[in-house]
Structure formats: structure tokens, C-alpha cells
Amino acid sequence: MTVGLTPEHVQLADAVRAWSQRHCPPEVVRAAIGDADGGVARYREQLVPALAGQGLFGLHIAEADGGHGYGIAELAIAVAELGRALLPGAYLPTVLAAAVLAQADGRTAKLLARLADGSLAGTVCLAGGLTGTPDSGGGLLVSGEAGPVLAGSMADMVVAEVGTPGGDRWVAIDTADLAVTSLPGVDLTRPLASIAADGVSVPADRVLGAVSRADVTSLAAILFGAEACGIADWAVHTASEYAKIRIQFGRPIGQFQAVKHRCARMLTGAEQAAAAVWDAARTPRGRDREFAASVAGVVALDAAEDAANDCIQTLGGIGYTWDHDAHLYYRRAMSLRALLGRSARWREQVARAAMAGAMTPATVQLPDGDAEFRAEVRTELAEIRRLTGRDRTAALAAGGWVLPHLPRPWGRDASPLEQLVIDAEMRAAGVVAHNLAIGAWVVPALIKYGTPDQQQRFLPATLRLDYLWCQLFSEPGAGSDLAGLTTRAQRVDGGWRITGQKIWTSLAKEAAWGICIARTDPAAARHAGISYFLVDMHSPGIDVRPLREITGDASFNQVFLDGVFVPDDCLVGEVNGGWRIARTTLANERVSLSQSWTFGAGLPELLDAARAAADPPLAEVGRLVCDGRAIELLGLRVTLKRLSGTEPGATGSVRKLLGMRNAQQIAGLCWAMADQGGALGDDRWARQTLAVRAVTIGGGTTDIQLNIIAERMLGLPRDPEPPGGDPLPT
């Protein structure tokens, strides 16, 4: 997991991680704990020269001021990697102080140059308590006490807020002019201090014009959040690696579902944290950054605290010992959370901002150089726009516009960038590609595994919406465990006869065709004896019975197959080779679910309900806004990684898991805000709360998704095969 996306950002993260391995191994962190002076001498003599030599102090400082001229995004990547190493000392507060000074009105160049080369250590006091009166030279006379200040005893200069008769001002004060008192800190690797001033004269060039509290706290949330990302990443890696090798009851604890799910949830939290910090770090200064930083201040710091806690739980007794590093990371996470402020306060801030319209859509900024392709797309869409009804549907299908990523002639063989251009131009033209529903999962499977005759027979008609499809996969005794299916297909003259029962089948009443997996070799291994069929839903022997759901609706169905004949030309792929094809279908289903299924319980609906409520629970609203925003950003990051050629990382399983949980929680909170009205049978949110129970079941239950994340992304051991052998009984 890395905050950055581009190959250049990945290289930067790798370089900083390599630096950490050379200069900040665990023994350096441990040594800082035992230093009598709080690690000041060790930090200045050993770490500062190494950090400065790598240029890590000045990543975000302009070249004219002695830095490297990058931005907050690059700094956040470095901070995350150094947080992963639990770097002791004043690095984080120093680069935060420099980021604040860089936003001032241009009188801080000398300070920035010294911060960039490491000759000056800085910090920022986020707590109030100082007051000031103007002097005759445009400066301030400052008095009062404030704290705690991160690494205050290590700093040569502190940036602090001063209350004045004309409003709050931010100043840069030399700590030599202050009374600095060391304070005990929960983080043993970085000291805390309080500061006191008694009529300290701050000259005019140290009064930071054009800097507001929102600017400072936004930068703090971004950089604290970046360090939290590193902590969360360390915790996920440490817990999962330990779970692979720790043997209990004769097998690795990572095989126990409780441990597996804990590690998977840790990973999803770390992924959300990286997405939130990345978004805030890339956003220019202003209202948008303030909102994005507030989201990061909730998501990332909460994720670090939760992951460090769960890491200790996974490690068990060894994690509770002083000698293991887990408690040091937990302490760092706790300290960051406390210094930035309570999560509930930040959540309320997010809720208020979102309800006031501060949340803008997360969009991709398309690169230049696509003008010729864009013009071509625009021309073709202009012709289609003139058509209506079935004529437009047919033209969209024939032109490959329905699923443009597919190879020609079924799609347009569009690259990720071209897909984005097509999507933008279709929206601009007011042309909407029709929804194939389950057909969108069928088409890729037929393109990859179907015969030419099957492709010509089914693909054009499917893309034109000549008929709908349903999916005959799930069974009463085999839900997410599709390999446990019992529907049988027996070889007969000219084809197969299928007998069995399917359940949870959407569109079974309306569908012309169904995709069906059935067991063709009961003696084979569970995954090896399954074949993939195309079934005419009007065939004799098919009985479709509506299945009434908890909402009272009947959008699902049971389908009984009693000796249904399927000709040989409707077998897809090889006999007993259907499992691989089914997985292609399921993969497409999961991508679709993760992108679009909120059942009308998304962030816009949440904010509308909160605005209409008499007394909305702002902290709860803010939490769901933060989660929803991070999920949206995860999708955007996958797209951008594909554009840049880097590995997408977060899979459809991660996004589906998070997205469906968020939809359920939004529906539940909106229902709660209805108060007594939620008891009425016709209440919208009562109905939605019932309806969205399905979203964490369909397409692979939450439990199965967690298993997939743990096994495929973290490499935890798979569950053991059931006792009694692999083949099913005949």
C-alpha cells in the first residue's frame, strides 16, 4: 500500500523505504526511547544529516527557497514511509512547519532555506493559549502558555497561533525566547513539551500573513494522516505475516476465519486511509482542500489506531509485551489522534461542510493529447444522438459503445484513457448506453470462451437488448460456495439434460436465456467436474417461482429444472471446464456491484436526509460521508493507476465490501433520523433499510469477500478442504 499512484511516486516511496532500512532500523527507534535527553542529541547528530542528505526536509519547498520544488503529495509519500519506520525525532513537525511557512506572504525565505537543509528544526503548536498585542513596528508582544507541542524540546522554532484584538494571527517564534517544559508523552519515540511566553517580541517578518487556522489544521491533518498511513501499513503487514507462521491447534492462525477477517478489515481500512490522504495532498489550497483534509483527518488516523490495536490482538500475548514494537506503533497512532483532535469533532466538521455543499465529485483530470480521438468519438456520437428508440440502441450496440473496453467488434477495444474520453463525450452528448444487466457479465465470458458460432448467435442480440439474461448459479445448499452445487447435467443424445434447483435468480421471469453451471462429473474434484451452459428459459421442464423477500417484493426467483434439454451447441468451453468460465462471470459481477450498487442509499441521499432532519447526528453523518468519500476515491485511484500503468492494488472485492457496508449504514442512519416515522410501513428509509440487507449477500457475502481479500491480497492460508475427500458423493 502506498499513498502515491504514478511510477514516479512509487519510486519515491521505494527510495524512502530503502533509506529507512539503512538509517532507521528498529534498534534506532528503541535507542531513542532510552536517551536521557529525549533523543535530541541522537536525532540531531545521526538522523538530521541523513535526512538532509536525502533531501527529505525540502521535498515540498520551492527551489528558490532551497527545496526541491515538489508538493504536498510528494511530501506525504515520504512521511508515510517514514511513519512506517516509526522515525523518531522532529522530522514530521519540521516539515509541517515548513509547509505552513510556505503558505505565508513571502517573508519567510530564510527560515524555509534552513528548514530545507536541516539546520533548523521546527514544530507547530496546534493548541491555543497565546495572546498578543501589536507593537509599533508591525510585530506582536506575545504572552501565555500553550501545549502540548510535538517535539517542542527538539525545535529551534515554533509556529503558533496568537489571539490579538484584531483577530487570530500565526507567528514563528524562536524557542530560545520561550520557556519550554518537557511533558510526558504516550508516544515514547517523540517528545512533547509546553511553551510559555512572557512579553516575547515577535518582529513583523515573523508574523505570517495570509495563513489561517484552516490552512494549518488542513496541513496537519494531511501530514499526520500520511504518517498514520505508514503505521496502518506496518500493522497490516506485521499482523498478516505473523498469522501465516503462528501455529495453534495444529494450523496457522491465519487460517482461522476470525483472524483472517480481522486482517482483511485492517487492509481495507489502510486502503481507505491511503485514498483519503492522497486526495487531500493533491488538492490545492482552499475550500476543497479543507474538506479533503478533514476526511483524511478522520479516515487515516482512525485507521492507524484501529490497525495498531488489531495488530496487537493478532499477535496475542507477544504483542502485549514491552519488547515487541507493536505498542510503539499503537502509542504513535494514539498520540497523532490526540494531537489532531477527537475524531468525533472532525466528523462533525465533515458533516457540516458536506451539508453546505463543500463535497465536489471526485473526477479524473484527463491528460492532453487526446484531441484527435475525442473529435472522432464526438463525430460518431453526433450521428447516434439523432436516432431514437430501437434505432439508437442498435447503433450503440453495432458501434461498440455499450461496453467499449471489449475487443472489436463487440466493443471498441478502448484503453483506460479512451474509456474515460468516451464516457465524458457520451455524457456531453446526452447519449446513455443501455444497461445490459446480467448480460454485461455474460458477454465477457462468451468473448473469451465461446465458439465463433456462439458469439455470432448471442453477442449482437445481447448487446442490442433483443433479450435479457439471468444467472442460474446459486442453489439452496450452495450460496457463495458455488463449487458445492448439486444441479446435475447428464449426457444424452445431442446434448445434456439438466436437473436441479437454482435460487436468488433475478430476471428469471423476463429472461430469454440463462447461464447455468451444473455438475457433469460427480466423481471429480469439486471445481473440476462443473460445466457451463446456455439455457433457453422457455425450454420444457423449467419452472420459475417468485421468491418473496423481506420487503414484500419478489424480484428474485427460484428456478426448478426438471430434465431440461440443452443442445451441445449451448455448452460453453470444454466439458468439466466450467469453473474457470464461471469465475470470469463472477469477476465481472463483482466489478459491477462495487461500482454502482447503492440501492438509493448513497451520499446524496444521506445529505438530503440530514438536511431535512431536525437534529441530525453530525458525528455519525460525518463518519459515513468520510467512508463513502474514501470508497469513491478508491475507485478513482484504480482508474488513475491503470492510466499510469501501475498495479491497481485495491480489488473489486475491497470496494464491494466497503461500498455495500456503507450503503447499509447510510440507509440505517437515514431511517433512524426519521424518528417515530420510521415505524410506519410506508416510510422510505424503513423500506430501504430492509432492502439493502441483500447487498452484503448477493455477489458473494461479506464473509466470502473478507476471505478473498485475506487470501489473495495478504497471502493468508486458505481454509482446509472439508473432511471426507474432495469429490462429491454420487
task = For segment 493-571, count the residues as N, evaluate 2.2 N^0.38 Å, and divide the Cα radius of gyration by that value, please.
result = 1.18
Cα long-axis angle, helix 603-612 against the chain (0 to 90 degrees, to the nearest 10) = 70
remark   = The extension gain from residue 492 to residue 554, computed as 0.36 nm times the residue separation minus the Cα-Cα distance, is 18.8 nm
task = At 1.4 Å probe size, with every protein chain present, just tell me what the per residue accessible area of segment 175-331 comes to in Å².
result = 36
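Set the Förster radius R0 to 30 Å, insert the Cβ-Cβ distance between residue 196 and residue 119 as r into 1/(1 + (r/R0)^6), and round the FRET efficiency to 0.05. Could you put the intermediate results ahead of the total?
Working: r = 26 Å, r/R0 = 0.85.
FRET efficiency, residue 196 to residue 119: 0.70.
Using the beta-carbon distance between residue 362 and residue 408 and R0 = 30 Å, what value does 1/(1 + (r/R0)^6) give for FRET efficiency, to the nearest 0.05? Write down the numbers at each step before the final one.
Working: r = 31 Å, r/R0 = 1.03.
That gives a FRET efficiency of 0.45.
Quote the charge dipole size of segment 207-308 about the Cα centre in Debye, to the nearest 20; the model charges only the Cβ of Lys and Arg (+1) and of Asp and Glu (-1).
Numbers: 11 positive and 11 negative charges, 68 e Å.
Using Cβ point charges on Lys, Arg, Asp and Glu, segment 207-308 gives about 320 debye.
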request  = Provide the solvent-accessible area of residue 10, counting protein heavy atoms only and rolling a 1.4 Å probe, rounded to the nearest 10 Å².
outcome  = 50
note = Order by accessible surface, 1.4 Å probe, largest leading, for residues 60, 538 comes to 538, 60
remark   = The percentage of the accessible area of the chain (probe 1.4 Å, all protein chains present) made up of carbon and sulfur atoms, to the nearest whole number, is 52
remark   = Over segment 389-478, with neighbouring protein chains present, the accessible area per residue in Å² at probe 1.4 Å is 42
note = Dividing the mean separation of Cα pairs under 8 Å (6+ apart) by the residue count of segment 74-213 yields a relative contact order in percent of 26
Area accessible to solvent at residue 145, 1.4 Å probe radius, in Å² = 140
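Just subtract the alpha-carbon distance of residue 398 and residue 456 from 0.36 nm times their residue separation and send over the number in nm, one decimal.
Values: separation 58, 0.36 × 58 = 20.88 nm, distance 1.25 nm.
The span from residue 398 to residue 456 would gain 19.6 nm if fully extended.
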remark   = Taking Cα atoms only, helix 257-282 is inclined relative to the longest principal axis of the chain by an angle, in degrees rounded to 10, of 60
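What per residue convex hull volume, in Å³, do the alpha-carbon atoms of segment 373-430 yield? Please list the in-between numbers first.
Values: hull volume 3.9 nm³, N = 58.
Roughly 67 Å³ of hull volume per residue.
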query = In what sequence, largest accessible area first, do 266, 713 appear using a 1.4 Å probe?
reply = 713, 266
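Would you work out if segment 185-336 is rounded, prolate or oblate? Take a ≥ b ≥ c from the square roots of the eigenvalues of the alpha-carbon gyration tensor; rounded if a/c is under 1.5, else prolate when a/b is larger than b/c, oblate otherwise.
Working: a/c = 4.63, a/b = 1.89, b/c = 2.46.
Here segment 185-336 falls in the oblate category.
Normalising by the residue count of the chain, find the relative contact order in percent from Cα pairs under 8 Å and 6+ residues apart. All intermediate terms of the calculation are to be shown ahead of the outcome.
Values: 1395 pairs, mean separation 78.4, N = 730.
Once normalised by length, the contact order is 11 percent.
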ask   = Please report, for the Cα atoms of the chain, the Rg to one decimal and the Dmax as a whole number; what are they, in angstrom?
value = 29.6, 104
request  = Provide the descending list of Cα extents for segment 84-160 along its principal axes, expressed in whole angstroms.
outcome  = 46, 27, 18
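Take the eigenvalues of the Cα gyration tensor for segment 419-505, scale each by 5, and report the square roots as semi-axes in whole Å, largest first. Numbers along the way, then the final one.
On the way: eigenvalues 213, 65, 24 Å².
After scaling each eigenvalue by five and taking roots: 33, 18, 11 Å.
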Radius of gyration and maximum dimension Dmax of segment 423-472, Cα, Å = 12.8, 38
task = Return, for the Cα atoms of segment 294-422, the radius of gyration and Dmax in Å, separated by a comma.
result = 25.5, 72
query = Which percent of Cα pairs goes in each bin when the distances of segment 1-153 are cut into 5 angstrom slices starting at zero?
reply = 2, 9, 16, 19, 19, 15, 10, 5, 3, 1, 0
Partner lysines for residue 656 [C-alpha distance under 22 Å; skip if fewer than 8 residues away on the same chain] = 260, 641
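On average, how much accessible surface per residue is there in segment 18-156, in Å², for a 1.4 Å probe, leaving out ligands, DNA and RNA? List each step's numbers first, then the result.
Details: 5040 Å² over 139 residues.
Accessible surface, normalised per residue, equals 36 Å².
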Label-reachable residues, segment 137-171, where backbone N falls under 12 Å from a point 7 Å from residue 179's Cα toward its Cβ = 144-146
inquiry  = What percent of all Cα-Cα pairs in segment 406-558 falls into each 10 Å bin, going from 0 up to the bin containing the maximum distance?
reply    = 10, 32, 33, 19, 6, 0
request  = Once you have a ≥ b ≥ c as the square roots of the Cα gyration tensor eigenvalues for segment 1-75, tell me rounded if a/c is under 1.5, and otherwise prolate or oblate according to whether a/b is larger than b/c.
outcome  = oblate
query = In segment 415-434, which residues have a backbone nitrogen under 16 Å from the label point lying 7 Å from residue 388's Cα in the Cα-to-Cβ direction?
reply = 431-432
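Want the number for residue 63 to residue 15: 0.36 nm per residue separation, take away the alpha-carbon distance, what's left? Mind dumping the intermediate values first?
Numbers: separation 48, 0.36 × 48 = 17.28 nm, distance 2.07 nm.
Full extension of this stretch gives 15.2 nm more.
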ask   = To the nearest 10 degrees, how steeply does helix 213-245 sit against the main Cα axis of the chain, on a 0 to 90 scale?
value = 60
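Summing -39500 (n - 2.57) over the DSSP H runs of n ≥ 4 in the chain and dividing by its residue number, what mean residue ellipticity at 222 nm do you reach, to the nearest 500 deg cm²/dmol?
On the way: 22 runs with 337 residues, N = 730.
Helix-only estimate at 222 nm: -15000 deg cm²/dmol.
The values are calculated or read from the model by the stated rules, or taken from the named source; none is laboratory data. Since the structure is predicted, the reported quantities are computational estimates derived from the model, not experimental observations. We place every Cβ from the backbone using ideal geometry, glycine too, and count neighbours over all the protein chains shown. Surface accessibility is based on the protein's heavy atoms, side chains included, excluding ligands, DNA and RNA. Shrake-Rupley method; radii C 1.70, N 1.55, O 1.52, S 1.80 Å.
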